[in-house]
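Data block below; observations after.
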């Protein structure tokens, strides 16, 4: 039996209050919040964050990693390879992108469910628009990852796939020209007229294929690129309010290619064994997935849940949000631009740079960060064993708060971290309130983008506080 063998999600640390947009630019007030990727995050780093939560469940015979986004860090170059390297996957596991369209996320999941091999499917997106636009206000950032394929005793199916159905149409409802950072949309009534026939056909075909009556669906998810068309379908379907899965519009926003997976994960967080889940996605037509939760789901739910992540977070000022998005140019540092990383040394240090892999001396047990050939403890040469530390927590031994160093989110907090089991390294903290940092605080590593220079994204690892308490709200707009 094929289906979902594991799932995990990631919502970034920051939240933008929608009312702050109106306070800054004028216009009607808006309620709720949207998730905001930090200045050092992109679709690749968020894909890593979601996928890392699935690492303990990944099988040895994983066939491929497949990545969907509408906001890729690179074109021509495969972005999934950076995710592959950060996860420390074997070279024999393929890594492939499916990008450009919002529909790519659900398309990858549907294709993986039809495969006879186990695949890791991850979708991540950063959604925005022109300042003051509906897309900026109602968008959101996030990622969702699924391990999909046939089950076995060690990897039981958590939700079996009952049906997959699609209806495709060519109509110009939403589009973005390559090189532009925002989407264009047609008049809303046209979208309702264009979408409804397709979603009706796809839903009818999926329910017939699954042998499920509409009243047998316990969790109904309806999402897509056109909120008004999704609402019109819900009114036509006369679905009961108690079966509708929250679309997270009030707290997260629409996360584009990642949103179908995010809402499916939210449904699985609450589904009981035997419950039928229907995922309806409106994007360039319609796609419908029908799944049934199994007895194994209760023991293998994702942690943290979508609801727990949506309820957390720190507020970000609207001016900072615009700066992080590149919409508000600010005075940069009066110092030379950063030098882009060179390809040859990055290749030589791939396991360290992407996998945060150190080394341990086989003679005396001393751990080294970064990895070394000569042991600092006993002087042995080339007696080292690689050790991945990306998933090893640590403790802050000392730290400094630098208010002079340039950062899109000042001040810079740097800490010396002692890792459990040995090893010390100095690194930057991220998603942090300086007042919450202290010697003895526990941290975990997170994959981030240090900077971009010369068209090259310089990825590496930063530390993040574990169990960070509530932090003060930023002042101003």
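One line per residue, one yes/no per condition, for (1) in the same structural domain as residue 164 (by TED's automatic domain parsing); (2) under 23 Å from residue 67 (Cα atoms); (3) over 22 Å from the mean Cα position of the chain (by Cα):
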residue	(1), (2), (3)
281	yes, yes, no
292	yes, no, yes
304	yes, yes, no
313	yes, no, no
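Can you name the residue in the stretch 1-40 that is out of contact with any strand residue (DSSP E or B) (no Cβ under 7 Å at 6 or more places or on another chain) and not in a helix (DSSP H, G or I) and is also surrounded by the most Cβ atoms within 10 Å (Cβ to Cβ) among such residues? Looking at residues that are out of contact with any strand residue (DSSP E or B) (no Cβ under 7 Å at 6 or more places or on another chain) and not in a helix (DSSP H, G or I), I get 39. Scanning the stretch 341-392 for residues that are on the phi < 0 side of the Ramachandran plot, over 36 Å from the mean Cα position of the chain (by Cα) and surrounded by fewer than 17 Cβ atoms within 10 Å (Cβ to Cβ) returns 362, 363, 364, 374, 376, 377, 378, 380, 381, 383. Counting only residues that are closer than 26 Å to residue 127 by Cβ and outside any loop (DSSP other than H, G, I, E, B), the stretch 65-103 holds 18 of them. Flag set for residue 442, criterion: more than 23 Å from residue 82 (Cβ to Cβ), at pLDDT 95 or above, under 25 Å from the mean Cα position of the chain (by Cα) and not assigned by TED's automatic domain parsing to the domain that holds residue 16. A search for C-beta distances below 6 Å between a residue of the stretch 242-255 that is under 15 Å from residue 134 (Cβ atoms) and any residue that is crowded, with 21+ Cβ neighbours inside 10 Å, counting only pairs 6+ apart in sequence or on different chains, returns 253/34; 253/139; 253/140; 254/139; 254/140. Comparison of 270, 249, 241, 275 shows that the only residue that is surrounded by fewer than 24 Cβ atoms within 10 Å (Cβ to Cβ) and modelled with pLDDT under 95 is 241. Looking only at the stretch 152-171, decide whether some residue is in the same structural domain as residue 56 (by TED's automatic domain parsing), in a strand (DSSP E or B), in contact with a strand residue (DSSP E or B) (Cβ under 9 Å, 6 or more places away or on another chain) and modelled with pLDDT under 95. No - not one qualifying residue is present in the stretch 152-171.
I'd like the full set of residues that are closer than 19 Å to residue 322 by Cα and either modelled with pLDDT under 95 or out of contact with any helix residue (DSSP H, G or I) (no Cβ under 9 Å at 6 or more places or on another chain) (or both), limited to the stretch 41-70. 42 - this is the single residue of the stretch 41-70 that is closer than 19 Å to residue 322 by Cα and either modelled with pLDDT under 95 or out of contact with any helix residue (DSSP H, G or I) (no Cβ under 9 Å at 6 or more places or on another chain) (or both). Condition check: modelled with pLDDT of 95 or more and touching a strand residue (DSSP E or B) at 6+ places or on another chain (Cβ under 9 Å). Does residue 307 satisfy that? When the stated conditions are applied, residue 307 does not pass them. Residues in the stretch 343-383 that are touching a helix residue (DSSP H, G or I) at 6+ places or on another chain (Cβ under 9 Å) and part of a loop (DSSP other than H, G, I, E, B): 354, 355, 356, 369, 370, 371.
Just so you know, in the stretch 422-439 the residues that are assigned to a strand (DSSP E or B) and farther than 30 Å from residue 362 by Cβ include one that is nearest to the chain's Cα centre (by Cα), and it is 429.
Inspect the stretch 432-439 for any residue being in contact with a strand residue (DSSP E or B) (Cβ under 7 Å, 6 or more places away or on another chain) and under 24 Å from residue 44 (Cβ atoms) and give the result as yes or no. The answer is yes; a qualifying residue exists.
Residue by residue through the stretch 41-58, note down the ones that are buried (at least 22 other Cβ atoms within 10 Å of the Cβ) and not in a helix (DSSP H, G or I). Hits for the stretch 41-58 are 41, 42.
The values are calculated or read from the model by the stated rules, or taken from the named source; none is laboratory data. Since the model is a prediction, treat every value here as computed from it, not as a measurement. As a convention, Cβ positions derive from the backbone with ideal geometry for all residues, glycine included, and neighbour counts pool all protein chains shown.
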